[in-house]
């Protein structure tokens, strides 16, 4: 049924725009009562999928599909998008038996339908998002997510707008419900977003610290000359060393800056025990803290390195200011 208000040519631009937003928001609201057992079936199928979620569509629905695929991938569900027409010319080979194809078509009668016999032959599952549950797409899909018949607010009632908005919202509901079901942590989420402001905010110290062979550790009873050899020979040359006691607990820290300061006054100190010249009770950070907290400590105390410790105060790494510069701080 056409919306008479939208068809009214005497509407002002502002009134017309507001009515468009009203109709599109109503299309999303109507989806709430349309969610049923099929939505749960789609959630369960994607959550247990051993392959990837292959999203496909044509036209505006295809563009919406690209965004849904990107949201799935960024929230822990392996996914990629293929163009329905290109799939008929070779890209179909990207789909394998363990995959699930998420097909978008408001009418359910677009080029997407031509792919269904081949997808079925491959053995992949098919989930449809459509506005026509009697369509060919709906008929040959394993699960149908029906957005219902949606009035488009364009003057001719033709250009996909409210329907594509509803598809996008339903795709978000699908992806984010699965994201919640996976129970991923901020650390997991950050793994998929290493770049940009979002990635920097979510990076943890453990993800960027110098560890293993790049984490120099010396015993507190060693003489400084031997400790300097450890610092020099350590991969990455962090310019600092963690000092531990006999129980491998952190008791001190020694840096290149400490070395330069001592050399100004006493060259003989090179043959003294490291525990006589190290910085005792240094500032430390836990490996599960955010990199932003490490940045704050470096900035506030005007230092270049921080020991990273675990819950038992054992040094597991070093954060260097250069490490933070590399990730955009």
Legend entry - Selection count where residues are surrounded by 20 or more Cβ atoms within 10 Å (Cβ to Cβ) and farther than 16 Å from residue 320 by Cβ, scope region 223-246: 3
Inset, instruction - Would you confirm whether any residue within region 218-226 is in a loop (DSSP other than H, G, I, E, B) and touching a residue at least 60 places away in the same chain (Cβ under 8 Å)? - result: no
Inset, instruction - Looking at (1) buried (at least 17 other Cβ atoms within 10 Å of the Cβ); (2) more than 32 Å from the chain's Cα centre (by Cα), find the lone condition where residue 249 falls short. - result: (1)
Inset, instruction - Looking only at region 145-156, decide whether some residue is within 32 Å of the chain's Cα centre (by Cα), over 18 Å from residue 31 (Cα atoms) and buried (at least 23 other Cβ atoms within 10 Å of the Cβ). - result: no
Legend entry - Residue among 29, 60, 50, 67 that alone is touching a residue at least 40 places away in the same chain (Cβ under 8 Å), closer than 26 Å to residue 180 by Cα and in a helix (DSSP H, G or I): 67
Inset, instruction - Please indicate, with yes or no, whether at least one residue in region 256-270 is part of a strand (DSSP E or B) and either more than 37 Å from the chain's Cα centre (by Cα) or surrounded by fewer than 18 Cβ atoms within 10 Å (Cβ to Cβ) (or both). - result: no
Inset, instruction - Determine whether region 246-253 contains at least one residue that is in a loop (DSSP other than H, G, I, E, B) and in contact (Cβ under 8 Å) with a residue 60 or more places away in the chain. - result: yes
Legend entry - Sole exception among (1) in contact with a helix residue (DSSP H, G or I) (Cβ under 6 Å, 6 or more places away or on another chain); (2) modelled with pLDDT of 95 or more for residue 176, by number: (1)
Legend entry - Unique residue being assigned by TED's automatic domain parsing to the domain that holds residue 211 and under 30 Å from residue 188 (Cβ atoms) when the list is 277, 244, 309, 267: 309
Inset, instruction - May I ask you to verify whether residue 85 is in contact with a strand residue (DSSP E or B) (Cβ under 6 Å, 6 or more places away or on another chain), in the same structural domain as residue 180 (by TED's automatic domain parsing) and not in a strand (DSSP E or B)? - result: no
Inset, instruction - Might you let me know whether region 281-297 holds any residue that is under 23 Å from residue 232 (Cβ atoms), modelled with pLDDT of 90 or more, in contact with a helix residue (DSSP H, G or I) (Cβ under 8 Å, 6 or more places away or on another chain) and surrounded by 12 or more Cβ atoms within 10 Å (Cβ to Cβ)? - result: no
Legend entry - Selected residue (criterion: modelled with the highest pLDDT) from residues of region 299-322 that are surrounded by fewer than 20 Cβ atoms within 10 Å (Cβ to Cβ) and not in a loop (DSSP other than H, G, I, E, B): 309
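The values are calculated or read from the model by the stated rules, or taken from the named source; none is laboratory data. All values derive from a computational prediction rather than experimental measurement. Glycine gets a Cβ as well: all are built from the backbone with ideal geometry, and neighbour counts include every protein chain shown.
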